[in-house]
Amino acid sequence: MSTASIRLMVAAPLAAGVPVTVADTQAHYLANVMRATTGDMLRLFNGADGEWQARVETVTRKSVTLIPTHKTRAQETPPDLILCFALLKRQKTDLVIEKATELGVSAIRPVITARTQAYHVNLARLRAIATEAAEQCEGLSVPDIAEPIPLAPLLQSWPARPLYVADERRTAPHLRPAPGPAGLLIGPEGGFADAEIDMIGRHQAVRRVSLGARILRAETATICALSLLLQPAS
């Protein structure tokens, strides 16, 4: 099997000639799944130093040592967009994490609302899903994923940036690309409770927006809204 198409997210700094050792799942993948051997080439990134071509130096049962040879892409700064979404059932939450990473958000904040379908997540698992998505879609960074937070504290601590909220009533202006740092809030299946709608409406950062004429499932609305917000401004 060829390793040339493999991209791995690593924690170590990347520089020419400085060894990087991977272990556990990544070592198993390289050694046992891809059958990597000394001299094979692959690519590495760490969210800070760009993408590097690397050579397999040693392969053991527990670890693989890689030697970065040269930088193939400079580091890019992802759009400063925070995705906040009401937690969904496991499979749908996984989909949102994966697609938000592919589309390039900088941070993900799962939210607990009156109608959320879950209250806890395996944060390590979600981060692993995001990492795999970045590896496969040529991304150079992985969004920061936080523990779930109730809606009220999220709004109380919201930074000085617009927070776009999808409005199912379709009376709001259509969502356009964000011109600068922004956030997106997607509610749960069944929508926000009345008290939550009032709380959202009173927040100064909130911008109500429409995603079109159809009522979308929460995961579809998330992908649609991110695609619109992250389009280059014309």
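Annotations for the structure displayed:
- Judged by the mean number of other Cβ atoms found within 10 Å, the most tightly packed of the peptides 185-194, 28-37 leads the ranking 185-194, 28-37.
- Compactness of the stretch 113-192 as Cα Rg over 2.2 N^0.38 Å, two decimals: 1.30
- Size-normalised alpha-carbon gyration radius of the chain, reference 2.2 N^0.38 Å: 1.15
- Counting all C-alpha pairs of the stretch 44-97, share separated by more than 15 Å (%): 67 percent
- As computed over the stretch 165-234, the Cα convex hull volume per residue (Å³): 90 Å³
- Relative to the Cα centre, the charge distribution of the chain, modelled as +1 at Lys and Arg Cβ and -1 at Asp and Glu Cβ, gives a dipole magnitude of about 260 debye.
- Value of Rg/Rh across the stretch 47-151 [Cα atoms, Kirkwood radius]: 1.08
- Semi-axis lengths, Å, the stretch 1-106, gyration tensor of Cα atoms, sqrt of 5 times eigenvalues: 29, 18, 11
- Ordering of 40-47, 198-205 by packing is 40-47, 198-205, highest average first (other Cβ atoms within 10 Å, averaged per residue).
Throughout, read-outs are computed from the coordinates displayed, never taken from laboratory work. Quick caveat, the model's predicted, so the values are computed rather than measured. With ideal geometry, Cβ positions are generated from the backbone for all residues, glycine too; neighbour counts draw on all protein chains shown.
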